[in-house]
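S.K.: Before I ask anything, here is the structure I am working with.
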Amino acid sequence: MKILDRYILKSFLITFTSVFVILFFIFILQGIWLFITELAGKNLDFLVVVKFLLFYSPKIVPLVLPLSILLASIMTFGSFAENYEFAAMKSAGISLKRAMKGLTVFILVLSFAAFFFANNVIPKAEYKFINLRKEILQTKPAMAIAEGQFNTIGNSNIKVDKKSGEKGELLNGVTMHVKSNQGFGNKTVIKAKKGVLKSDDNSNILKLDLIDGYYYEDIYPKDYEERNRVPFAKAYFKKYTINIDLSNLNKSDEEVDIANTNNMLNVNELGFTIDSLQKNYNKDVVSFADNITQGVEFTLKAKPISKESKYKNAEEVLSMFSFQEKARILDLAKNNVSSTDFSIDSNKNDLFEKQKNINKHWIALHDKFVVAFSCLLMFFIGAPLGAIIRKGGLGLPIVFAVLIFITFHFINTFGKKVAQENGMPPFLGTWLSSMILSPLAISLTYRATNDIGVMVNFDWITQPFQKLYNKIFNNNDNSENTEHTEHNDNTN
């Protein structure tokens, strides 16, 4: 390695390491804030907290690494241009393309390392992270419910006035709202004077024994007139046991359910899982189609209709039957249509959820490659941009880096959400941000290596205002001149 390559690599590594550590620390603090309800006031050992953050931190790397490369590239090459070091290189016959050559090799190696990290380290850390949370809840079940506030657990909200006991398992003043799956609001309200939390290390179920309370349940009859009377059921109990699934405790939007393993698998495992899920999905589609196309059998006293018989319309067919039989046929057809419509809606929702699960696994598969490519993309945006703007330090480079990365992250998040909802193919949704910013990287690299500056012309914005300004003041000047001339004439 030549002296120039060592110098450029050393300057980049110093900046990159500093930026990476700072950004990593900031994102770790964000993670602590995200899970503050699980960590604060729980009497956890320091080692458990360290493990919690250690298993959470690998998922931050795909966010921090591209941003660090982008910012370090802009700062390093901007500092070279600002201090006329590029001018000295060019005078010695060394082009910007040659100056970037050694650092490009390093970024390539870093990209492969990022892919290895995303494929091997992050899935294992994600698995251990979720299992650590489950173990904490099993050993200290009171962590599932914070005191004095409503805690969302699945489709229920639980509030406890006070907790006591060695592990906080004794509850006083329990209020529980169970939401309806049919969209009618709160389906059930449970109030109890006391409660006891119980758990088993070998089970995923947390038991909540409620003692001395009341059970209120709203009833929604099929008849609309009866529904206006707002009926409900009320019962008193001495002891009522509720089983709570630990996988649904304190789950945020960014969390993944234990049953959803797309972020815990490597590329090979994802390929195998996707193949299995797709086969099951295709079987369900075929099975659903077969069930829909099956006819409804019914018996009537009339003579059977031969298959060779040809009728122009349904009235000719119904003419063979009596009035009572026609009523039975129409009633049966109506029920059949209603049943088929209900079956279509339920199966449609079921197939949609299965397709979403398949899309999540596809997104997780492509995302491992996007992490590696984003490192190259951010370097070929940041390095030429720094050479063009000729500014180092922490001023203008941070502004450019943040704007570019926010654009990249927003498009990436938007594409994944749309692809997950089956709005676009998972490949397009995951690679959308890279496709949009790749032309920018190519353009900046071409301009920087060929000494073509980036001129941003804002005349199309300022010219209309300038014309309006000139028109207003020209009219004022003309009116003042006219008044002055008239005044002189009157004086004469």
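S.K.: Note the full-extension length gain between Leu13 and Asn282 as 0.36 nm times their separation in residues minus their Cα-Cα distance, in nm to one decimal. Show your work: numbers first, answer last.
M.R.: Numbers: separation 269, 0.36 × 269 = 96.84 nm, distance 5.03 nm.
Result: 91.8 nm gained on full extension.
S.K.: Could you check the spin-label model distance between Glu135 and Leu396? Points 7 Å from the Cα along Cα→Cβ, value in nm.
M.R.: Roughly 5.2 nm, to one decimal.
S.K.: On the Cα set of the range 1-112, report Rg and Dmax in Å, please.
M.R.: Both quantities, over Cα of the range 1-112: 19.3, 65 Å.
S.K.: Can you work out the accessible area per residue across the range 41-93, with the rest of the protein chains kept in place, probe 1.4 Å, in square angstrom?
M.R.: Accessible area per residue: 44 Å².
S.K.: Tell me the net charge near Ile211. Cut-off is 11 Å between Cβ atoms, Ile211 excluded, with +1 for each Lys or Arg and -1 for each Asp or Glu.
M.R.: Values: positive: Lys193, Lys194, Lys238, Lys239; negative: Asp209, Asp212.
So the environment of Ile211 carries a net charge of +2.
S.K.: So how much slack lies between Phe410 and Leu468, counting 0.36 nm per residue of separation and subtracting their Cα-Cα distance, in nm? Write down the numbers at each step before the final one.
M.R.: On the way: separation 58, 0.36 × 58 = 20.88 nm, distance 3.71 nm.
Between Phe410 and Leu468, full extension yields an extra 17.2 nm.
S.K.: What accessible area per residue comes out for the range 373-445, rounded to a whole number of Å², with a 1.4 Å probe? Display every interim value, and only then the final one.
M.R.: Working: 3310 Å² over 73 residues.
Normalised by residue count, the accessible surface of the range 373-445 is 45 Å².
S.K.: Sorted by mean Cβ packing within 10 Å, highest first, what order do the peptides 325-333, 105-113, 64-72 take?
M.R.: Taking the mean over residues of other Cβ atoms within 10 Å, the ranking is 64-72, 105-113, 325-333.
S.K.: Full-extension gain between Phe237 and Ile436, please, as 0.36 nm times their residue separation minus the C-alpha to C-alpha distance. All intermediate terms of the calculation are to be shown ahead of the outcome.
M.R.: Working: separation 199, 0.36 × 199 = 71.64 nm, distance 6.15 nm.
Stretched fully, the Phe237-Ile436 segment lengthens by 65.5 nm.
S.K.: If Lys and Arg each add +1 and Asp and Glu each add -1, what is the summed charge of the other residues whose beta carbon sits under 14 Å from the beta carbon of Thr445? Spell out each step's value before the answer.
M.R.: Details: positive: Lys97, Arg98, Lys101, Arg447; negative: Asp451.
It works out to a net charge of +3.
S.K.: Further question: Among 367-377, 348-358, what's the highest-first ranking by average C-beta atoms within 10 angstrom per residue? Write down the numbers at each step before the final one.
M.R.: On the way: 367-377: 21.4, 348-358: 13.8.
Highest mean packing first, the order is 367-377, 348-358.
S.K.: With respect to the cross-link table entries Lys207/Lys238; Lys124/Lys360; Lys163/Lys191; Lys128/Lys187, which display a Cα-Cα separation exceeding 25 Å? Present the calculation step by step, with values, prior to reporting the outcome.
M.R.: Details: Lys207/Lys238 16 Å; Lys124/Lys360 18 Å; Lys163/Lys191 16 Å; Lys128/Lys187 36 Å.
Result: Lys128/Lys187 exceed 25 Å.
The values are calculated or read from the model by the stated rules, or taken from the named source; none is laboratory data. Treat the numbers as computed from the prediction; the structure is a model and nothing was measured. Ideal geometry is used to build each Cβ from the backbone, glycine not excepted, and the neighbour counts take in all protein chains shown. Accessible surface is based on the protein model in full, side chains and every heavy atom, while ligands, DNA and RNA are left aside. Shrake-Rupley method; radii C 1.70, N 1.55, O 1.52, S 1.80 Å.
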